[in-house]
1. For a quick check of your reading of the model, give me the residue pairs whose first member lies in the range 235-259 and is free of Cβ contacts under 8 Å to residues at least 60 places away in the same chain, whose second is among the polar types (S, T, N, Q), with beta-carbon atoms closer than 7 Å and at least 6 apart or on different chains.
2. Among Ala140, Ala128, Ala172, Ala189, which is within 17 Å of the chain's Cα centre (by Cα) and more than 19 Å from Pro219 (Cβ to Cβ)?
3. Just checking, which of His130, His126 is part of a helix (DSSP H, G or I), more than 18 Å from Ala320 (Cα to Cα) and open to solvent by less than 30 Å² (accessible area, probe 1.4 Å)?
4. Could you give me the residue pairs with C-beta distances under 9 Å whose first residue belongs to the range 285-303 and is in contact (Cβ under 8 Å) with a residue 12 or more places away in the chain and open to solvent by less than 40 Å² (accessible area, probe 1.4 Å), whose second residue is of a type in the set (Asp, Glu) and not in a loop (DSSP other than H, G, I, E, B) wherever it lies, and which are 6+ apart or on separate chains?
5. What's the number of the only condition in (1) on the phi < 0 side of the Ramachandran plot; (2) among the charged types (D, E, K, R); (3) open to solvent by 40 Å² or more (accessible area, probe 1.4 Å); (4) not in a helix (DSSP H, G or I) that Arg314 fails to meet?
6. Of everything in the range 158-184 that's small (Gly, Ala, Ser) and open to solvent by 30 Å² or more (accessible area, probe 1.4 Å), which residue is modelled with the lowest pLDDT?
Amino acid sequence: MKAVVCEAFGGPEVLALREVPDPPPPGPGELQVRIEARGVQYVDVLMLAGKYQFRPEPPFIPGSEGAGEVVSVGSGVTGFKPGDRVMSRHRLGAFAELGNSKAEDCDLVPAAMSLDEAAVFRGAYHTAYHALLQRGRLKAGDWVMIHGAAGGIGLPAIQIAKLLGAQVIATASTEEKRSVCLEEGADHAIEYQGGFRDKVMDLTGGRGVDIIYDPVNGPTFEESLRCLAWSGRILILGFLGGAPALARTNYLLIKGIEAIGVRIGGLNETHPDIAAANVKTLVELAGQGKLKPRIWRRFALEQAPDAVQALIDRKVIGKAVLAG
């Protein structure tokens, strides 16, 4: 089969399209999937650079999310059969034509959803749902500010927050990205470079927001704290803005603020029952047309370096897909 292989630690230049052996037949509780679409995410950038907490040694096939058709099923598998369209989660190996995945990490693709959409759905939407509902305790009427709102986990957060009845302020770096945030349902979309607190306080009548969804962190973190209402929550999802910020704990104390870490892998590992219930709910909502991934661009498998570079350059609005 063809696969994109990371041959050394580095940037997009370390990726090469190679012919590699097919995976073995699926083991007990596994499916083998002919992968037709794959999501490209910032985790892949970190993994190529050897900077992710899970650090496979090259050579390896990157990619942790995909969608395609079931080729075969291992013993003990129920609910799936050859020919089914599925979205699949992989520890590694999705940037290939074939991949094995645990049946518990797969879901049937709703009829209304394309394989491109399915390939980028599970991880991003589960992250946003778990962050806002279970970690942020979002309720109808809350004000939510979403940083990096035009990104891969930002647009899903807008859709989910609005579905749950929140008022949403999106931050994004360009007019094009802010326009997309408004198209996806944000009530307001603002620039964040050069300061954003005054605008946020004006939009909320001086009250501040209840929840900040923050995959950016870094230099915006302290100003974000100043945008929170009493007993507000800031959800820490990543560090796209640079080095992790140091929280001023006196400020947390004065305003009764909670700084809350969000790691979807931790939920999958420690509470798989909750994770499975979350995904079931999300897939049902997608099947009803209430959640829909935004695909920025489709790349051919051999264009994987270009897709990764687009992520690094912050060009991607929504999700990039490797197809074929």
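The values are calculated or read from the model by the stated rules, or taken from the named source; none is laboratory data. If you're wondering where the values come from, they're calculated on a predicted model, not measured in any experiment. Quick reminder, even Gly has a Cβ in these numbers, built from the backbone with ideal geometry, and neighbours come from all protein chains shown. Only protein heavy atoms, including side chains, enter the accessible area calculation; ligands, DNA and RNA are left aside. Shrake-Rupley method; radii C 1.70, N 1.55, O 1.52, S 1.80 Å.
1. Ile236/Asn217; Phe239/Asn217; Gly241/Asn217; Gly241/Thr220; Pro244/Asn217; Ala245/Asn217; Gly256/Ser231
2. Ala128
3. Going through His130, His126 in turn, the sole match is His130.
4. As it stands, the answer is Ala286/Glu117; Pro293/Asp116; Pro293/Glu117; Phe299/Asp306, since those pairs meet every condition given.
5. Tallying (1) on the phi < 0 side of the Ramachandran plot; (2) among the charged types (D, E, K, R); (3) open to solvent by 40 Å² or more (accessible area, probe 1.4 Å); (4) not in a helix (DSSP H, G or I), Arg314 fails exactly one: (1).
6. Filtering first and then ranking leaves Ser173.
Rundown of residues vs (1) among the aliphatic types (A, V, I, L, M); (2) surrounded by 18 or more Cβ atoms within 10 Å (Cβ to Cβ), yes/no style:
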position	(1), (2)
Glu191	no, no
Gly205	no, no
Ile212	yes, yes
Ser224	no, yes
Trp230	no, no
Ile234	yes, yes
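Residue by residue, here is whether (1) in contact with a helix residue (DSSP H, G or I) (Cβ under 6 Å, 6 or more places away or on another chain); (2) closer than 22 Å to Gly238 by Cβ; (3) aliphatic (A, V, I, L, M) holds:
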residue	(1), (2), (3)
Leu17	yes, no, yes
Lys51	no, yes, no
Ser72	no, no, no
Gly83	no, no, no
